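A quick write-up on the structure given underneath.
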Amino acid sequence: LAPADDETTGGDEIFRGSFDLDVVRIRQGESQPQGVLVEARQGDRLQYALTPGSDGWLTIADVQDDGVVSLWLRPQKVRAGQQVEGAVVLDGYVGKERVYFVLAEEAVGADAVEGAVKSVYERPLADLDALPGVPAAQRSLLIVKTD
């Protein structure tokens, strides 16, 4: 998964102030590692494991195409190297969703996420890799539901 502030040189990704992130989709008991694009269905389980590279506040926010914001993880104080794990079962929302993994010096709540997305309302969610105006290390993934 590439952070919003990555630099690309010759196809290599360079992460600045980032963190390690692994996402696995589980469907009918079978797991499959995921990248920045997750093809999923209602009822799929997404498991994540994140290891921050610095101390800070971690927030995981899901933003649907219709603008609805929900927090997979409310702002939580984390330490460098402390692994954070979690899982969600995907609901029946039809449309794209972008999940933001945000590591900041200050807590970033649902209102800040919603405000950042609304500030660029004309941009499709699929193109919004990072939350604008949020000073933080960020990674995101796009969930596309299939039948």
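Descriptive notes on the structure:
- Burial ranking of peptide ranges 112-120, 53-61 (average Cβ count within 10 Å, highest at the top): 53-61, 112-120
- Charge tally around Val24: other residues with Cβ under 11 Å, Lys/Arg +1 each, Asp/Glu -1 each, net -1.
- Backbone N under 11 Å from the Glu85 label point (7 Å along Cα→Cβ), restricted to region 39-53: 48-50
- Protection proxy ranking, highest mean first, for peptides 43-49, 85-91: 43-49, 85-91, where packing is the per-residue count of other beta-carbon atoms within 10 Å, averaged.
- Placed amide H near Asp44: partners under 5 Å, 5+ positions off or other chain: Leu90
- For the chain, the per residue solvent-accessible surface stands at 54 Å², with DNA, RNA and ligands left out and a 1.4 Å probe.
- If the segment from Lys96 to Tyr121 were pulled out straight at 0.36 nm per residue, it would be longer than the present Cα-Cα gap by 7.5 nm.
- 3J(HN,Hα) from dihedral phi, region 25-40, Karplus parametrisation 6.51/-1.76/1.60, rounded to Hz, x for glycine, proline: 9, 10, 9, 6, x, 9, 9, 9, x, 10, x, 6, 10, 10, 8, 9
- Above 27 Å, the calculated P(r) of the chain contains 17 percent of its Cα-Cα pairs.
- Cβ-defined net charge surrounding Thr146, 12 Å radius [Lys, Arg +1; Asp, Glu -1]: +2
The values are calculated or read from the model by the stated rules, or taken from the named source; none is laboratory data. Only a predicted model underlies this, so the values are computations on that prediction, with no experimental measurement involved. In this analysis, Cβ positions are derived from the backbone assuming ideal geometry, glycine residues included, and neighbour counts consider all displayed protein chains. SASA here: full protein model, heavy atoms, side chains in, ligands and nucleic acids out. Shrake-Rupley method; radii C 1.70, N 1.55, O 1.52, S 1.80 Å.
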